[in-house]
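**Student:** Have a look at this one before I ask anything.
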Amino acid sequence: VRALVLALLVVAGCANQRHTALTASLVTVNTARDTFVEWDRAHQLALVHEATSREQIVARLDEYRKKREGVVRAFAFVYAKLAKAFADDTEDATKGALAVAKNLVDTIQAMKPGAADPPLEQLPCVTNREAGTPCDL
Amino acid sequence: MSLWSNVKKGLELAQVCASAIEIIHQIIKTRPGKDSDLVSMIGKIVTNVREAISGERTVASVQADLEKLKTDLAKNDAAADAAVDDKFPKD
């Protein structure tokens, strides 16, 4: 009976640890989201500042916003992985979610003010995928 | 709520807050001299922590986190478009 109680406590402890890790990860992803929003605003305004004609800036903003869809898709993928991990509450789902979340957060944090467009190739769920194609969860 | 539940909740809060403080530290290190931005970002982190520790995370609540990204980017687009109109007025 003691062994069973101990096992239950271990399982409960692990489950709580998973939940804590996922919650902490969600905080970092939301902070990365807010950081990216701030970067995006400064980036677009800097593009406007540098522009020499209306036609040029309209085309440049259009090009940038199409690229930015890749970042939004990466966030959507990470949020979906986190939601699935919260729901599944398994070791594998948690590890997978934490890994893609870390990838996204590291990439966003590395973006400096005044940098070029986002490094899409480093984001999860972007490389070698057509726009609109859902990633595997 | 039992003592054990309080202790568990406290530990969970401490870990989440520690994570947030680590992020703040990273921001201070990488963005010196940006006081107003820093204060704004710390405020957002605090909000994120509060939201994360209040209530259960569901598919719907995580979806709301994504919708906030889309809404904020749309606001940025509007601000940039307005700046274009200011700089290059339409005929």
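The values are calculated or read from the model by the stated rules, or taken from the named source; none is laboratory data. Everything numeric here is computed off the predicted structure, so don't read it as measured data. Using ideal geometry, Cβ is built from the backbone for each residue, glycine included, and neighbour counts are taken over all protein chains shown.
**Student:** Looking only at region A:44-94, count how many residues are farther than 16 Å from A:His19 by Cα and either hydroxyl-bearing (Ser, Thr, Tyr) or in contact with a strand residue (DSSP E or B) (Cβ under 9 Å, 6 or more places away or on another chain) (or both).
**Tutor:** Adding up the residues that qualify gives 3.
**Student:** Looking only at region A:115-137, which residues are in contact with a helix residue (DSSP H, G or I) (Cβ under 7 Å, 6 or more places away or on another chain) and either at pLDDT 70 or above or on the phi > 0 side of the Ramachandran plot (or both)?
**Tutor:** A:Asp117, A:Pro118, A:Pro119, A:Leu120, A:Gln122, A:Leu123, A:Pro124, A:Cys125
**Student:** Could you give every pair whose Cβ atoms fall below 6 Å, whose first residue belongs to region A:79-102 and is more than 11 Å from chain B (Cβ to nearest Cβ) and under 15 Å from A:Arg33 (Cβ atoms), and whose second residue is in a helix (DSSP H, G or I) and of a type in the set (Ser, Thr, Tyr), counting only separations of at least 6 or pairs across chains?
**Tutor:** A:Ala101/A:Ser25
**Student:** Still on this structure, please answer the following. Please enumerate the residues belonging to region A:70-98 that are loosely packed, with under 14 Cβ neighbours inside 10 Å and assigned to a helix (DSSP H, G or I).
**Tutor:** Hits for region A:70-98 are A:Ala87, A:Glu91, A:Asp92, A:Lys95.
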